[in-house]
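Note sheet for the following structure.
We did not get these values from a lab; they are worked out from the coordinates using the rules stated. The structure presented is a predicted model; accordingly, all values stated were derived computationally and were not measured. Reconstructed Cβ throughout: ideal geometry from the backbone, glycine too, with neighbour counts over all protein chains shown.
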Amino acid sequence: MKKELIIQLHREFDGIVQVIPNSEVEFWYARDLQWVLGYIKWQNFVEVIEKAKIACYNAGTEVKNHFADVSKMVKIGSGAERPIDDIMLTRYACYLIAQNGDPRKDAIAFAQSYFAIQTRRQEIIEERIRLQERLQARQKLRESETELSKNIYERGVDDQGFGRIRSKGDAALFGGNTTQSMKNRLGIPEKRPLADFLPTITITAKNLATEITNHNVKHNDLFGEPSITVEHVQNNQSVRNLLVERGIKPEELPAEVDLRKLARRVKSDEKRLIRGTELPKKRETK
């Protein structure tokens with residue numbers, strides 16, 4: 001996500017935060033959040049809120065302490081006002097809404113990080129967004145590799161064959177370095193996946209090559225380890241050529257922090273969100 005967009009979204013999200021009088025408790029109105037998240041229709045946004053409530057309940061948290069139905073007055077012209085239904089949301093509620101929103105929206109991706117941490121300092125939010133992008137890239141690779149494993153199992157390739165295909169694909173992507181040699185090069189523990197220590201761009205490259213292999217295995221009805229290996233190697237080589245053309249050699253990029261540790265940090269952030277963010281029993285509205 002570009003820094004200019006992050007700055008713009010940061011300003012918009014800061015502009016809708018509310019504070020309960022005579023307290024330090026922050027909250028957000030759902031109708032304000034609706035617009036900054038890019039939802040035009042209230043009903044569509046209510047559907048996302050309902051999913052967030054279910055996630056809150058499944059986490060063992062009292063829903064009403066984070067989603068509070070309220071009524072507030074809005075101007076309708078000529079100085080007149082009318083009441084409309086709204087929902088007061090805690091930071092945790094907003095986070096759950098972002099987690100259940102449309103991931104294609106930039107504002108949703110930003111909100112997932114904005115509400116996940118207790119501080120709204122821009123540089124920390126930017127760091128969290130980069131972390132989230134890396135976690136999401138790793139999840140996509142995991143899913144595409146699982147699909148490839150299933151596809152080729154049905155085409156005469158066992159688990160050991162899948163490992164050989166993947167390693168030869170890595171060798172094509174990493175300039176002759178196999179999966180094991182890259183793990184040795186980066187100091188990765190023997191039993192840990194290489195991808196858990198790769199930067200986002202390399203994870204994305206591996207995923208693209210794997211997705212192409214998945215497509216062509218089915219589209220061209222490939223069968224057996226030799227033909228699928230050739231396909232996967234060619235796809236990784238093509239992706240490598242594109243990267244090298246842009247001045248990027250995957251084997252020369254340094255290792256990143258273990259994604260397992262980062263995933264634990266995300267879970268820890270979620271637990272901290274729940275604590276101390278509940279709405280008080282007596283609620284005041286604007």
Protection-proxy order for peptides 2-9, 229-236, each taking the mean of Cβ atoms within 10 Å per residue, highest first: 229-236, 2-9
Once you've got the Cα coordinates, tell me which of LYS218/LYS249; LYS191/LYS261; LYS140/LYS261; LYS64/LYS105; LYS53/LYS267 are over 22 Å apart. LYS218/LYS249; LYS64/LYS105
For the chain, what is the calculated [θ] at 222 nm in deg cm²/dmol (nearest 500), taking -39500 (n - 2.57) for each run of four or more DSSP H residues and dividing by its residue count? -19000 deg cm²/dmol
Mind checking region 108-154 for trypsin sites (Lys or Arg not before Pro) that DSSP puts in a loop (not H, G, I, E or B) and that have at most 12 other Cβ atoms within 10 Å? ARG121
Among 46-57, 165-176, how do they line up by average Cβ neighbours within 10 Å per residue, starting with the highest? 165-176, 46-57
Output for region 205-246: trypsin sites (Lys or Arg not before Pro) sitting in coil per DSSP, at most 11 other Cβ within 10 Å, listed by number, reads ARG246
Give the dimensionless ratio obtained when the Cα radius of gyration of region 130-255 is divided by 2.2 N^0.38 Å. 1.00
Net charge near ASP85: determine it from the other residues with C-beta under 13 Å of the C-beta of ASP85, scoring Lys and Arg +1 and Asp and Glu -1. +1
When you take every Cα atom in region 1-53, what is the radius of gyration, and what is Dmax, the widest Cα pair distance, in Å? 13.1, 38
Counting Lys and Arg as +1 and Asp and Glu as -1 over every other residue whose Cβ sits under 14 Å from the Cβ of VAL217, the net charge comes to -3
Net charge near THR202 (other residues with Cβ under 11 Å of its Cβ; Lys, Arg +1; Asp, Glu -1) is +1
